[in-house]
Number of protein chains: 2
Amino acid sequence: MRDKQHLKLSKNQALVYEALSQASKPVGAYDLLDQLKAHGLKAPLQIYRALESLIELKVVHRLESLNAWTTCCDADHDSAPIFVICDDCGDVKEHIDTGLNRSIEKISKRSGFTAERPIVEIHGRCGDCSPKTN
Amino acid sequence: MRDKQHLKLSKNQALVYEALSQASKPVGAYDLLDQLKAHGLKAPLQIYRALESLIELKVVHRLESLNAWTTCCDADHDSAPIFVICDDCGDVKEHIDTGLNRSIEKISKRSGFTAERPIVEIHGRCGDCSPKTN
DNA sequence: AAATTAATGTTATAAAGTTACCTTGTTAGC
DNA sequence: GCTAACAAGGTAACTTTATAACATTAATTT
């Protein structure tokens, strides 16, 4: 998505999107709720509804293995996002790799499967937190 | 794991493993609990603990995007498992693909990352449930 | 048999997500 | 301008998923 700036978001959508943008890592729904209580939000559903629509707009992703959400990187992606997650510092980076996406297609087609929503989340240690021995 | 048969499991581990083996799809923790109440299990924690140890023994996998667990296929895998999940009939197949695993390694190494737990779960439609038009 | 470690049992609680129902805004057609 | 139709929002209650805390029992090692 190139023109996030030009998206017309509703009040709740904008609040949730802003909060996610400013975070340095993925944020959980109840954390978002806590933050946004100051802006008048009161119930989980308000958060979940905003998240759902932001995902539909393709400006937010859900991280399945973290139960958390993050803004989409700017890459114009037709291919599926790949998340690289540091279990030490919590940093998450979004990558696009067409090679990996091709492998996924090949694997699924091989068994007559139609891939609609590939989830790739790689847990480990980032460079900064890397295995002590180095 | 080649010799699941030779594993010495505790009572609860064996019950949970049996239940998962007999299921045709991944099963949630509370479903397992319901089934195993007949065998005397009473609390969620008994299930979660058994699952945790079975995962450590590498005979069970957790499907992050389903909040459910399934037995590991027999493949002797050093590489990460790839799950292909039909959102229609619920069928899940475990694949091993060293090519995809190499891509994951490449992507992570490129950014100085050490991959420890790659999660790949591909949602879509299996051959039998495939897009209506065919 | 004592020591150590692995597995269990139970209660209570936390965290994540959904259902149901009703109200308010916005927009389009008349 | 009125109103039908629809999208977005508000609120409460509830379900589902997962853990914490603490006490007990079984198995294994020395």
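Report the one residue of A:Leu51, A:Cys86, A:Thr71 whose Cα lies farthest in the direction of the positive end of the charge dipole of chain A (charges on C-beta: Lys and Arg +1, Asp and Glu -1; origin at the Cα centre).
A:Leu51
Give a residue-ordered list of calculated ³J(HN,Hα) values for the stretch B:115-125 (Karplus: 6.51 cos²θ - 1.76 cosθ + 1.60, θ = phi - 60°; whole Hz; x for Gly, Pro).
With the stated coefficients, the stretch B:115-125 comes to 6, 10, 8, x, 10, 10, 9, 9, 8, x, 10 Hz.
What is chain B's relative contact order, in percent, from Cα pairs under 8 angstrom and six or more apart in sequence?
Values: 159 pairs, mean separation 29.9, N = 134.
After rounding, I find 22 percent.
Net charge near B:Arg110, counting Lys/Arg +1 and Asp/Glu -1 over other residues with Cβ under 14 Å of its Cβ? Walk me through the numbers before you get to the answer.
On the way: positive: A:Lys93, B:Arg102, B:Lys106, B:Lys109; negative: A:Glu94, A:Asp97, B:Glu105.
Summing Lys/Arg as +1 and Asp/Glu as -1 gives +1.
How long, wide and thick is the protein assembly as shown, going by the Cα atoms along their three principal axes, in whole angstroms, largest first?
60, 55, 42
Just which residues of the stretch A:82-99 lose 20 Å² or more accessible area with every protein chain there, against their chain alone, with the probe set to 1.4 Å?
Relative to the lone chain, where solvent access is computed with a 1.4 Å probe, the stretch A:82-99 loses at least 20 Å² at A:Val84, A:His95, A:Asp97.
What's the magnitude of the charge dipole for the protein assembly as shown around its Cα centre, counting Lys and Arg as +1 and Asp and Glu as -1 at the beta-carbon? Answer in Debye, nearest 20.
Approximately 180 debye in magnitude.
Per residue of B:60-69, what is the mean number of Cβ atoms on other protein chains within 10 angstrom of that residue's Cβ?
Working: counts 0, 0, 1, 2, 8, 6, 1, 2, 0, 0.
Mean shielding by partner chains, rounded to a whole number: 2.
What ratio of Cα Rg to 2.2 N^0.38 Å holds for the stretch A:81-129? Kindly include the intermediate steps, with their values, before the conclusion.
Working: Rg = 13.3 Å, N = 49, 2.2 N^0.38 = 9.7 Å.
Normalised by 2.2 N^0.38 Å, the Cα Rg of the stretch A:81-129 equals 1.38.
Determine the shielding of peptide B:101-110 by partner chains: average, over its residues, the number of Cβ atoms on other chains within 10 angstrom of each Cβ.
Details: counts 2, 3, 10, 8, 1, 3, 10, 8, 0, 3.
Per residue, the average neighbour count from other chains is 5.
How many angstrom separate the Cα center of the stretch A:9-69 from the Cα center of the stretch B:80-134?
About 27 Å separates the Cα centre of the stretch A:9-69 from the one of the stretch B:80-134.
Label position 7 Å from Cα toward Cβ: report the copy-to-copy distances for A:Arg110 in nm, one decimal, ordered from shortest.
The projected label point of A:Arg110 is separated from its counterparts by 2.2 nm.
Across peptide A:123-130, what mean number of C-beta atoms from other chains lies inside 10 Å of a residue's C-beta? List each step's numbers first, then the result.
Working: counts 7, 8, 6, 5, 4, 2, 2, 3.
Average neighbour count from other chains, rounded to a whole number: 5.
Under the Cβ-under-4.7 Å rule, which cysteines of chain B stay unpaired?
So, B:Cys72, B:Cys73, B:Cys89, B:Cys129.
Once whole DSSP H runs in chain B are found, which of them have Cα atoms spread over 27 Å or more along the helix axis and a mean Kyte-Doolittle score of at least 1.6? Don't jump to the answer; show the numbers that get you there.
Values: long enough: none.
Length and hydropathy pass: none found.
Measuring from a point 7 Å out along Cα→Cβ, what nm distances, shortest first, does A:Ser130 have to its partners in the other copies?
Result, one decimal in nm: 4.4.
What's the buried accessible area, both sides, between A and B using a 1.4 Å probe, rounded to 100 Å²?
Details: alone 8770 and 8750 Å², together 14770 Å².
Approximately 2800 Å², summed over both chains.
Classify chain A as rounded, prolate or oblate from the Cα gyration tensor: take a ≥ b ≥ c as the square roots of its eigenvalues, call it rounded if a/c is under 1.5, otherwise prolate when a/b beats b/c and oblate if not. The partial results should precede the final answer.
Numbers: a/c = 2.06, a/b = 1.32, b/c = 1.56.
Note, shape of chain A comes out oblate.
Tell me, Kirkwood radius of the stretch A:4-71 from alpha-carbon pair distances, in Å?
Values: mean 1/r = 0.0854 Å⁻¹.
Hydrodynamic radius (Kirkwood, Cα pairs) of the stretch A:4-71 is 11.7 Å.
Would you kindly find the accessible area of B:Glu56, with a 1.4 Å probe and non-protein molecules such as ligands, DNA and RNA excluded, rounding to the nearest 10 Å²?
Roll a 1.4 Å probe over it and B:Glu56 shows about 150 Å².
Can you list the distances in nanometres, one decimal and ascending, from the A:Ala14 label point to the identical position in each other copy, with the point 7 Å along Cα to Cβ?
Counterpart label points of A:Ala14 in the remaining copies fall at 6.3 nm.
Given the whole protein assembly as supplied and a 1.4 Å probe, what does the accessible area of B:Arg102 come to in Å², nearest 10?
Spelled out: B:Arg102, probe radius 1.4 Å, area about 150 Å².
The values are calculated or read from the model by the stated rules, or taken from the named source; none is laboratory data. None of these values were measured; they are calculated from a predicted model. Because the Cβ atoms are built from the backbone with ideal geometry, glycine has one as well, and the counts that use them run over all protein chains shown. Protein only, heavy atoms only, side chains kept; ligands, DNA and RNA dropped before computing areas. Shrake-Rupley method; radii C 1.70, N 1.55, O 1.52, S 1.80 Å.
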